Amino acid sequence: MDYVIEMLDVSKKFGTFYANDHITLQLEKGEIHALLGENGAGKSTLMNVLFGLYQPDGGEIRVRGEKVAITDPNVANDLGIGMVHQHFMLVENLTVTENIILGSEPTKSGVINIKDSAKKIAEISKTYGLDVDPYAKIEDISVGMQQRVEILKTLYRGADILIFDEPTASLTPQEIEELLNIMRKLVAEGKSIILITHKLQEIMNVSDKCTVIRKGKGIGTVITAETNPEELATLMVGRQVTFKTEKGPSHPTEEILKIEDLYVNDYRGVAKLKGLNLTVRRGEIVGIAGIDGNGQSELIESITGLAKVKSGKILLNGEDIANKKPRKITEAGLGHIPQDRHKHGLILDFSVGYNAALQSYYHEPFSKNGLMNYKVVNEEAEKLIQEYDVRTQGVHEPARALSGGNQQKLIIGREVTRNPDLLIAALPTRGLDVGAIEFIHRRLIEQRDSGKAVLLITFELDEVMNVSDRISVIYDGAIVGTVIPQETTEQALGLMMAGHSKDTAMKEQAAAGKDGDEHHVE
């Protein structure tokens, strides 16, 4: 069999810890090969070895049958290997073309030749249906379009073996489907793809084979058409995983959060929230469903004190917190799991211990008379690590060394341990494996059952349907309706997310059900 990539018994150690322990992965030409494993299982490490960012401590790598030493990414590029990283490597104030040619700028008479480069990029974009404007600035395009720029970067450099590291973690459902179509087109044109993802349905939809690794060890490779999501989840986690969130009925009481007629503009002065009204009561989870860009970010930022409120009220426990400082809002009873854990959730170069204390370091027992007690900080962090299953080499390890899922568990542990009256969970399971998702959903429900209020913002329809007690749909900066999950469908939610009123969506849902019944009778 002809393999374009063979990683044979590859090992990678950090100190005495094996991130990859004698793993074998073989990629055929023209296939999409999924790489599946829990957060921290060693998937990204293995691909960083293939791309030359890490050097292996054992095993060998063959490219198109030839044994190679990939000492750095330039060698990988020369071998036709390109990598699309989970966290984009783009300069926001440069154009698409400037980002793509950065580091290998073509010159004409000593001057960088932007025009010819842009023309070549436009041709590649058209060939693969990427639809990217070569002259657009990165800061002006969507996250999904930025993902396409990263793909273009690899194609521009001549890659025919592409590594996608969690490519859909930051995308909306529509952007995900577009990306999967792009991947199908790439392999149809002769490319070969290794896809790292936690999303089992994506593996089933787009991959030919799947290699599973668990805690740094290879578990096996399966043909996708011969398996199912339940089997993959069991191989990945080592136990049976519950896909349906188990929870009892909610028992809501008084209002914890009440938002009245809220107006918020973005930094350019464009209205983003337009008279939004919302309530969240003690003992319930309210989910916010909507297509990205309809005001979710501004809603979160206005509640947490990160965005200026133009008008309206945000009442937390009856106190108007609009335009108050973030610390004042936090002390009033707010916990916040941010949608971007790197920008707003962690200080990546600080230790796990220090990050665990970020919200409470100025209170006893962490400090006294202005002096921090580092022993207590680390002791409390150890407890959090144990309770929330944060897989780390210790409290002194920098937060950036943790996998995405373990970074998320650290943030959730920190926020929940503070016992807030209202917990905002913004995209809490983005980029996480099924085991971590199950764990986080259970924690959110525990908060609800302990009498706290939870506001869940997510782009995953199955998540908002499974976890929420009520769902409020946001469209164009306002809530267009609130529904009970058991009394609606994803189709009706989708209609409301597209701007239809609740009544219209429910009528169309009923009509669709009736048509289905009539068809069934015939």
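The values are calculated or read from the model by the stated rules, or taken from the named source; none is laboratory data. Source: prediction; values computed, not measured. As a convention, Cβ positions derive from the backbone with ideal geometry for all residues, glycine included, and neighbour counts pool all protein chains shown. To get the accessible areas, we keep the full protein, side chains included, count just its heavy atoms, and leave off ligands, DNA and RNA. Shrake-Rupley method; radii C 1.70, N 1.55, O 1.52, S 1.80 Å.
Quick look at the numbers
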item: Residue list for region 287-307, restricted to those being crowded, with 22+ Cβ neighbours inside 10 Å and more than 21 Å from G269 (Cα to Cα); result: G287, I288, A289, G290
item: Scope region 484-516; condition open to solvent by 50 Å² or more (accessible area, probe 1.4 Å), modelled with pLDDT of 80 or more and outside any loop (DSSP other than H, G, I, E, B); matching residues; result: Q486, E487, E490, Q491
item: Residue within region 228-238 that is assigned to a loop (DSSP other than H, G, I, E, B) and either open to solvent by 40 Å² or more (accessible area, probe 1.4 Å) or in contact with a Cys (Cβ under 8 Å, 6 or more places away or on another chain) (or both) present; result: yes
item: Meets criteria (modelled with pLDDT of 95 or more, part of a strand (DSSP E or B) and within 25 Å of F459 (Cα to Cα)) for I300; result: no
item: Test for I424: is it in contact (Cβ under 8 Å) with a residue 40 or more places away in the chain, under 19 Å from the mean Cα position of the chain (by Cα), under 13 Å from G345 (Cα atoms) and part of a strand (DSSP E or B); result: yes
item: Selected residue (only one of T197, T154, T172, T211 is at pLDDT below 90 and under 27 Å from N74 (Cα atoms)); result: T197
item: Unique match (being among the aliphatic types (A, V, I, L, M) and under 27 Å from Y18 (Cβ atoms)) among I424, I437; result: I437
item: Qualifying positions in region 448-483 - open to solvent by 30 Å² or more (accessible area, probe 1.4 Å), part of a loop (DSSP other than H, G, I, E, B) and among the acidic types (D, E); result: E460, D476
item: Some residue of region 254-264 being in contact with an Asp or Glu (Cβ under 7 Å, 6 or more places away or on another chain), open to solvent by less than 50 Å² (accessible area, probe 1.4 Å) and of a type in the set (V, I, T); result: yes
item: Residues (outside any helix (DSSP H, G or I), of a type in the set (D, E) and at pLDDT 90 or above) located in region 120-151; result: D133
item: Selection status of L171, open to solvent by less than 30 Å² (accessible area, probe 1.4 Å), under 25 Å from L493 (Cα atoms) and part of a loop (DSSP other than H, G, I, E, B); result: yes
